[in-house]
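Working notes for the structure below.
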Amino acid sequence: MQAQLLGYDNHPVDPLYGSLEIKRSALMTQQFNITLLPGDGIGPEIMAVTVEVLKAVGSQFDLQFQFQSALIGGSAIDETGTPLPEETLSVCRQSDAVLLAAIGGYQWDSLPRHQRPETGLLGLRAGLQLFANLRPATILPQLVEASSLKREVVEGVDIMVVRELTGGIYFGQPRGVFETEAGELRGVNTMAYRASEIDRIGRVAFETARKRQGRLCSVDKANVLEVSQLWRDRIAALASNYADVELSHLYVDNAAMQLVRQPKQFDTIVTGNLFGDILSDAAAMLTGSIGMLPSASLGESGPGVFEPVHGSAPDIAGQDKANPLAQVLSAAMMLRYGLNQPPAADKIEQAVLKVLDQGYRTGDIYSEGTTAVGCQAMGEALLNALT
Ligand code: NAD
């Protein structure tokens, strides 16, 4: 059942990683239940564009999508008092894939931690056991000038960050703000990884690297943290099963430096939850705009979650300024990695390249000589490009 697929970054990809499963029923019927989580801020705007794109591609490839929307994040807090209603998790579990936009906004920032929008996102990842987050950072030739780094530094950059998503300091116990015996407040979080958690993300990373340029860089802080030493030892031990992959290790501070100094040295990066959160955003910015970057979060079975790397951009929400392309490319990743529909994914990715070739740009990627468009107009250009 494994297929050789071409990814957004034009590398063969294997969505199954041995044990990751695609729902068989979906493959046979070509009907897919997709849960849409538009969330907050620009989420509903970019999701609306993406649904139209999916419908257009669906009709071309004889794919029938059943969309159901559910609440998450701030909008869920406003309606139900919780950022991840039980109903949302249950609808997601029953679907073939989950397409998420973004959550969060200033108005919910002062709520207690367990009621914050971000808690809903972490709960979704944990609830669906999405332990592997794949974030491509590929420089598109049309957008080389959008990068804040020099052309010669970024041209040809093609990095995949594989981030562990359900462990590490974001989930470790104990956590909280406690009062010391002296009556002082003390904030505590715990960075912890079990060997099995490191091994399973390590396997995904080696498999990913093997299908790309065969180079894997594991990032940790083993010179200071015991948890990182275990990480390094386990990743190094896995290497004997992947003789075709060249493994290297970097401390996270050096990795951050190398990413902006000489990003072309990287092929695939594997790292834990916190370091991956930071480094994948840094890698994202090499490409010029966070508004262009999709991601996939996968578990061992069940639906994956496909979402843009960016947040809810409350500063431009409701103004028709958002770039919908990261969301649209997330839908392409969903078709490829989650629903095993590579031709439909290719079609969407080609449409994105075409609208960029035609010169259409939202504000975040605008440069002189191109045509400035809003979110909706970019959607219309995509629909034209598809047909
Ligand atoms: P952000 O990604 O929302 O915005 C950072 C900057 O990039 C802003 O200037 C924004 O306007 C711009 N930007 C982001 N996406 C864009 C797009 N598609 N088109 C054009 N411009 C875009 O990050 P932030 O400002 O740090 O966070 C805002 C809110 O989003 C916070 O509440 C944060 O918690 C949340 N957030 C959510 C996610 C998620 O849902 N996965 C990720 C990061 C941040």
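Quick notes
- For the stretch 112-133, a residue qualifies if it is within 11 Å of the ligand (Cβ to nearest atom), touching a strand residue (DSSP E or B) at 6+ places or on another chain (Cβ under 9 Å) and not in a helix (DSSP H, G or I), and exactly one does: Asn133.
- Within the stretch 359-372, one or more residues are acidic (Asp, Glu), outside any loop (DSSP other than H, G, I, E, B) and within 16 Å of the ligand (Cβ to nearest atom).
- Scanning the stretch 277-295 for residues that are touching a helix residue (DSSP H, G or I) at 6+ places or on another chain (Cβ under 6 Å) and either in the same structural domain as Ile103 (by TED's automatic domain parsing) or of a type in the set (S, T, N, Q) (or both) gives a single hit, Ser289.
- Qualifying positions in the stretch 89-142 - modelled with pLDDT under 95 and charged (D, E, K, R): Asp109, Arg113, Arg116, Glu118, Arg125, Arg135
- Of everything listed in (1) within 16 Å of the ligand (Cβ to nearest atom); (2) closer than 18 Å to Asp62 by Cα, the single unmet condition for Ala344 is (1).
- For first residues located in the stretch 356-382 and without any contact (Cβ under 8 Å) to a residue 40 or more places away in the chain, partners that are more than 14 Å from the ligand (Cβ to nearest atom) and assigned to a helix (DSSP H, G or I) and lie 6+ apart or on another chain with Cβ distances below 6 Å form the pairs Tyr360/Ala381; Ala381/Val355.
- Pair list, Cβ < 9 Å and 6+ apart or interchain, from the stretch 96-111 residues that are under 23 Å from Ser297 (Cα atoms) and near the ligand (Cβ under 7 Å from one of its atoms) to residues that are charged (D, E, K, R) and part of a loop (DSSP other than H, G, I, E, B): Ala102/Asp40; Ile103/Asp40; Gly104/Asp40; Gly104/Arg116; Gly105/Asp40
- Any hit, the stretch 111-119, residues being surrounded by 17 or more Cβ atoms within 10 Å (Cβ to Cβ) and over 21 Å from Leu274 (Cα atoms): no
- Selection within the stretch 80-94: residues that are in a helix (DSSP H, G or I) and touching a Pro at 6+ places or on another chain (Cβ under 8 Å). The member of this set that is nearest to the ligand (Cβ to nearest atom) is Cys92.
- Residue check for Leu54: at pLDDT 95 or above, in contact with a helix residue (DSSP H, G or I) (Cβ under 9 Å, 6 or more places away or on another chain) and not in a helix (DSSP H, G or I): no
- Among residues of the stretch 69-106, those that are over 20 Å from Pro308 (Cβ atoms) and in contact with a helix residue (DSSP H, G or I) (Cβ under 7 Å, 6 or more places away or on another chain), counted: 4
- Within the stretch 283-318, restricting attention to residues that are among the charged types (D, E, K, R) and either within 26 Å of Asn340 (Cβ to Cβ) or outside any helix (DSSP H, G or I) (or both), the residue that is farthest from the ligand (Cβ to nearest atom) is Glu300.
- For the stretch 331-346, the set of residues classified as in a helix (DSSP H, G or I) and either over 20 Å from the mean Cα position of the chain (by Cα) or closer than 21 Å to Pro38 by Cα (or both) consists of Ala331, Ala332, Met333, Met334, Leu335, Arg336, Tyr337, Gly338, Pro343, Ala345, listed by residue number.
- Condition check for Ala76: within 15 Å of the ligand (Cβ to nearest atom), aliphatic (A, V, I, L, M) and surrounded by 21 or more Cβ atoms within 10 Å (Cβ to Cβ): yes
The values are calculated or read from the model by the stated rules, or taken from the named source; none is laboratory data. Being a predicted model, the structure only gives us computed values, none of them experimental. Neighbour counts run over all protein chains shown; Cβ positions are idealised from the backbone, glycine included.
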